Amino acid sequence: NSQAARCGACGATFDDIGGVLFFGGYEPQDFLGLIEVVATGEMNQTPIDVGFARHLHQLLTDYHHATEKAEFIRAHPDDMVRAPWFSEHRYHEWMQTDAMLAGNDLAGKEVLNVGAGFGFDSVPLVDAGADVTCIDYAPTIVALGKKGLPAARWVGGFSHALPFKDESFDIVMANAAMHHMRSTPVALREMLRVLKPGGFMFTVGDPI
């Protein structure tokens, strides 16, 4: 639905793509990213299973607190803990995020997840009572994210031009997303711009 929303301040119009407003437009610099958008859309055409996400996060929590991690993996009845990605990938992202958020009461906090993907990492934020906004630059992913995790607010847009007012969020985060962004320095400045005074921003799970 073209021009589904109009800005009352500047008169700009924005598209509704799959039931989600998309702010901004693609430029030549986004060519490689668009290839990824198409590939991801071809590979993933179903929303996340929130129940599965909660189960996996619980497994990661139990693994983290296990005294003998090798024995935990060997003896656990769920074969998922023996998948290479469990301890070599997902656990490290979970551990970093858990460390960053330790001691923070998320209830009622405004949290922005930049490069949120399908919403897997936003599930525990929603469960903790945060008001979560997810943004991603892939319209197909954002539409599926809204279907899978409707408790979060979903927006399509770009990290180098976040469509939010200054000082809008208590916490701004990016998980395994910075390396997908057109400009890391610009994205970081934008993330800091929308952060409230006294809030904090963190990134995890990125090779950069």
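See the values below:
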| item | result |
| --- | --- |
| Residue in the range 91-102 that is over 22 Å from L192 (Cα atoms), over 12 Å from the mean Cα position of the chain (by Cα) and touching a residue at least 60 places away in the same chain (Cβ under 8 Å) present | yes |
| The range 34-93: number of residues that are among the polar types (S, T, N, Q) and farther than 20 Å from T140 by Cα | 4 |
| Candidate set from the range 110-141 (those that are of a type in the set (D, E) and assigned to a helix (DSSP H, G or I)); member that is most open to solvent (accessible area, probe 1.4 Å) | D127 |
| Cross-chain or 6+ apart pairs with Cβ under 9 Å, the range 13-38 first and at positive phi, then open to solvent by 60 Å² or more (accessible area, probe 1.4 Å) and modelled with pLDDT of 80 or more | G18/T140; G18/K146; G18/K147; G19/K146; G19/K147 |
| Conditions (1) more than 27 Å from K147 (Cα to Cα); (2) surrounded by 12 or more Cβ atoms within 10 Å (Cβ to Cβ): number failed by L56 | (1) |
| Selection count, the range 142-161, where residues are in a loop (DSSP other than H, G, I, E, B), within 22 Å of D30 (Cα to Cα) and open to solvent by 10 Å² or more (accessible area, probe 1.4 Å) | 2 |
| Subset tally (residues that are at pLDDT 95 or above and not in a strand (DSSP E or B)) for the range 189-208 | 6 |
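Residue-wise test of (1) surrounded by fewer than 17 Cβ atoms within 10 Å (Cβ to Cβ); (2) in contact with a Leu (Cβ under 9 Å, 6 or more places away or on another chain).
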{"residue": "D170", "(1), (2)": "no, yes"}
{"residue": "R182", "(1), (2)": "yes, no"}
{"residue": "L188", "(1), (2)": "no, no"}
{"residue": "R193", "(1), (2)": "yes, yes"}
{"residue": "K196", "(1), (2)": "yes, no"}
{"residue": "G199", "(1), (2)": "no, no"}
{"residue": "G205", "(1), (2)": "no, no"}
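The values are calculated or read from the model by the stated rules, or taken from the named source; none is laboratory data. Predicted model, so just to flag it, every value in this text is computed and none were measured. No Cβ is skipped: glycine too gets one built from the backbone with ideal geometry, and neighbour counts run over all protein chains shown. Accessible surface is based on the protein model in full, side chains and every heavy atom, while ligands, DNA and RNA are left aside. Shrake-Rupley method; radii C 1.70, N 1.55, O 1.52, S 1.80 Å.
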